[in-house]
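The values are calculated or read from the model by the stated rules, or taken from the named source; none is laboratory data. Here the structure is a predicted model, which is why all the values come from computation and not from measurement. Note that each Cβ is placed from the backbone with ideal geometry, even for glycine, and that neighbours are counted across all protein chains shown.
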Amino acid sequence: MNSLSRIFRVVLWGVVTGGLLSFVRQASSPQMTPGAPPRKSPAANRLHRDPVCGTYVSAEISVKLEQSGHITHFCSSECRERYAQPAARAAGA
């Protein structure tokens with residue numbers, strides 16, 4: 001009977017230790033809650049430089065101008081209008 005209780009204790013400690021290790025792994029990994037938007041990678045937060053004033057702006061809030069399949073990002077509609085004028089474009093180049 002003594003060896004049976006010893007085996008039972010070893011199995012019990014193995015289960016407890018495995019459960020604790022599993023808990024620690026889950027606690028240390030990033031949590032994903034159901035219904036929450038996925039986390040963005042650092043590349044998704046890339047900033048674009050406004051060619052008129054030099055301000056850096058994210059694509060989510062920028063004012064965009066698409067020409068020939070290329071998108072240029074601006075900090076404001078004023079900068080986009082200045083860029084679109086031929087004289088301003090020649091002076092900035």
Inset, instruction - Restrict the check to segment 34-46 and report whether at least one residue is modelled with pLDDT of 85 or more and surrounded by 10 or more Cβ atoms within 10 Å (Cβ to Cβ). - result: yes
Inset, instruction - Any chance you could count how many residues in segment 51-74 are in a loop (DSSP other than H, G, I, E, B) and either touching a residue at least 12 places away in the same chain (Cβ under 8 Å) or within 22 Å of P86 (Cα to Cα) (or both)? - result: 9
